[in-house]
Amino acid sequence: MTYAYDRWMLVTALNLAVLCIVVAWVGERVRNAIRQGTAEAQERGLKRLGLMAETLNLRHAEGAEKLEVTGDNYLRHLEQLALDVTGASQGIDQVIRMGDSPCPHLVGLGERFQECVFALDPEAMVREGRVPRRVRWHPVNALSGDLFAVERLEAVYRLLALRYGVANPALPRRSSWYLAVVQAKGGKR
């Protein structure tokens with residue numbers, strides 16, 4: 001009696017283990033399919049919004065005026081982008097550094113001494129040690145900001161490239177930049 005009972009318990013436990021593995025495998029496949037579908041839908045949406053922005057810009061001259069970035073208003077554009085993307089005012093009052101290595105990036109200083117890092121490739125910035133790993137990256141694109149968010153950020157980058165001596169002010173065409181807000185380190189300095 002105990003041998004049959006033990007055997008039945010072992011078979012039941014093995015069946016449950018196999019069932020759990022199959023459910024986990026199917027769940028992972030479904031999750032990956034959802035992720036891929038979401039990424040493809042977002043990319044299609046960004047392309048569609050980019051085409052709409054070009055159409056609007058060609059039809060209305062005032063659309064071009066909104067994109068105009070000058071030495072007087074570039075900080076206002078950066079602050080508006082940070083507000084749109086993070087949902088909180090960062091109070092960017094100056095750009096403290098920028099460059100094209102490891103990827104095009106610029107760093108604005110906020111009112112609480114936090115650094116607002118705008119970059120094309122967040123992984124490269126983390127790999128180079130320019131941004132801590134634990135910092136959250138927010139996409140800056142037509143979905144998170146406005147239709148002209150990327151164009152305004154690229155215009156700011158090109159404007160400041162000459163001022164900061166960036167060797168290569170040319171930018172690859174991307175539908176998204178990324179923003180990380182790095183809080184100031186506490187303690188005595």
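Values quoted throughout were computed directly from the atomic coordinates according to the rules given, and no laboratory measurement underlies them. Nothing here was measured: the structure is a model prediction, and the numbers come from that model. Because the Cβ atoms are built from the backbone with ideal geometry, glycine has one as well, and the counts that use them run over all protein chains shown.
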For the modelled label position 7 Å from the Cα of Gln94 along Cα-to-Cβ, which residues of the stretch 108-150 have backbone nitrogen atoms closer than 16 Å?
-> 108-116
Can you pull the one-decimal nm distance between simple spin-label points at Cys20 and Arg174, each 7 Å off the Cα toward Cβ?
-> 4.1 nm
With +1 on each Lys and Arg Cβ and -1 on each Asp and Glu Cβ, how big is the dipole of the stretch 70-182 about its Cα centre, in debye rounded to the nearest 20?
-> 300 debye
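In debye, nearest 20, what is the charge dipole magnitude of the stretch 1-59 about its Cα centre with +1 on Lys and Arg Cβ and -1 on Asp and Glu Cβ, if you could check? Intermediate results must be reported in sequence, preceding the final value.
Details: 8 positive and 5 negative charges, 56 e Å.
Dipole of the stretch 1-59, to the nearest 20 debye: 260 debye.
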Let me have the 222 nm mean residue ellipticity of the chain computed from DSSP H runs of 4+ only, each contributing -39500 (n - 2.57), with the sum over all residues rounded to the nearest 500.
-> -18000 deg cm²/dmol
Using the Kirkwood radius over Cα pairs of the chain, the Stokes-Einstein translational diffusion coefficient at 37 °C and 0.692 mPa s, in µm²/s and rounded to a whole number, is 167 µm²/s
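Length gain on complete extension for the stretch Lys185 to Val135, per 0.36 nm per residue less the alpha carbon to alpha carbon distance? Don't skip to the answer; put the middle values down first.
Working: separation 50, 0.36 × 50 = 18.00 nm, distance 1.30 nm.
Going from the current span to full extension adds 16.7 nm.
Under unit Cβ charges (Lys, Arg +1; Asp, Glu -1), what dipole magnitude, rounded to 20 debye, does the chain have relative to its Cα centre?
Roughly 600 debye for the chain.
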